[in-house]
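Below: the structure, in structure tokens.
No lab work stands behind these numbers, since they all come straight from the coordinates. A quick note: this is a predicted structure, and the numbers were derived from the prediction, not measured. In this analysis, Cβ positions are derived from the backbone assuming ideal geometry, glycine residues included, and neighbour counts consider all displayed protein chains.
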Amino acid sequence: MTSNGKFAESSPPPHERDDVLLEAFREALGAILDEERRQWARERALIEAQAQKIVAELRAEITVRLAAVKDGADGAPGAQGERGLPGDRGEKGERGDPGLPGDRGERGLPGERGERGEPGPPGDRGERGLPGERGEKGERGDPGDPGLPGERGERGLPGERGEKGLPGERGEKGERGEPGPPGDRGERGLPGERGEKGERGDPGDPGLPGERGERGLPGERGEKGERGERGAAPSAPNLASWKLDRARYTATPIMSDGSQGPALELRDLFKQFQDETDG
């Protein structure tokens with residue numbers, strides 16, 4: 001086997017190299033058989049032409065001799081003879097030339113779906129994604145009209161504690177007065193009426209990211225998809241040409257990267273083919 005200095009490093013895996021060499025062998029054999037078939041066709045055409053010439057000459061000679069012969073008077077018709085026995089079966093004819101390779105058949109139907117396998121171990125948890133963009137701030141409603149502040153009265157002396165009266169209506173908020181001396185702790189009054197809901201304030205700044213949650217349980221494994229078609233190996237070189245040695249009956253493939261594959265020995269194959277066709 002011949003190769004250059006880069007053949008060992010750029011050679012494809014063994015099974016891909018075998019496929020390439022097998023396909024190359026088929027192409028080389030097809031090319032050689034096609035050349036032999038054309039040669040046989042030329043020789044057969046020459047033999048047929050010579051045979052037609054000889055037949056034409058014999059027909060001309062027979063025609064001349066028949067023209068010189070005169071037919072006698074027709075005799076009486078004879079009695080019908082008995083039916084003869086069937087003849088022996090003729091010998092088997094010679095084997096014809098091999099036909100061209102047929103077209104590639106259609107792709108078969110996919111096989112039945114296999115049983116579902118056991119779920120594999122859960123994979124590592126991926127990194128947390130970046131936070132999304134902050135939404136636009138909504139429009140603020142119009143504020144209500146402020147009430148008029150009441151006049152501040154003079155501070156009077158604390159009077160005696162009267163009986164607890166009924167809760168009055170809520171008045172408008174006045175100005176804040178000076179703090180008075182702490183009085184005695186009174187009894188707990190009845191809860192006042194619930195005030196109106198205030199306006200919604202502006203949204204605050206986004207908080208810090210929370211702590212990482214616990215790892216969830218792994219989900220069930222999906223069903224196995226159909227097997228795709230086999231792709232071409234990206235690093236495998238393609239067949240560029242052939243180097244034929246007619247004296248030795250060898251064909252050496254030349255790859256696209258300049259390397260040479262192993263030479264194909266075709267002498268024994270042609271000898272076997274010739275023996276089969278001649279026999």
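Before moving on, here are some points about what is shown:
- Near Tyr249: Cβ cut-off under 12 Å, other residues only, Lys/Arg at +1 and Asp/Glu at -1. The net charge is +1.
- The aspartates and glutamates within cross-link reach of Lys164, meaning a Cα-to-Cα straight distance under 20 Å and a gap of 8 or more places when in the same chain, are Asp184, Glu187, Glu193.
- Qualifying GluC sites (Glu not before Pro) for region 46-151 [loop in DSSP, other Cβ within 10 Å: at most 16]: Glu82, Glu91, Glu94, Glu106, Glu112, Glu115, Glu127, Glu133, Glu136, Glu139, Glu151
- In this label model, Leu157 and Glu196 are separated by 4.2 nm, measuring between points 7 Å along each Cα→Cβ vector.
- Proximal aspartates and glutamates to Lys53, defined as alpha-carbon separation beneath 13 angstrom and excluding residues fewer than eight positions away on the same chain: Glu61
- Bridgeable aspartates and glutamates around Lys173 (alpha carbons under 13 Å apart, same-chain partners fewer than 8 residues away excluded): Glu151.
- Neighbour cut-off at most 10 other Cβ (10 Å), DSSP loop, trypsin sites (Lys or Arg not before Pro), region 92-128: Lys92, Arg95, Arg104, Arg107, Arg113, Arg125, Arg128
- Paramagnetic label zone (point 7 Å from Cα along Cα-to-C-beta, Arg215; backbone N under 13 Å) in region 117-159: 121-127
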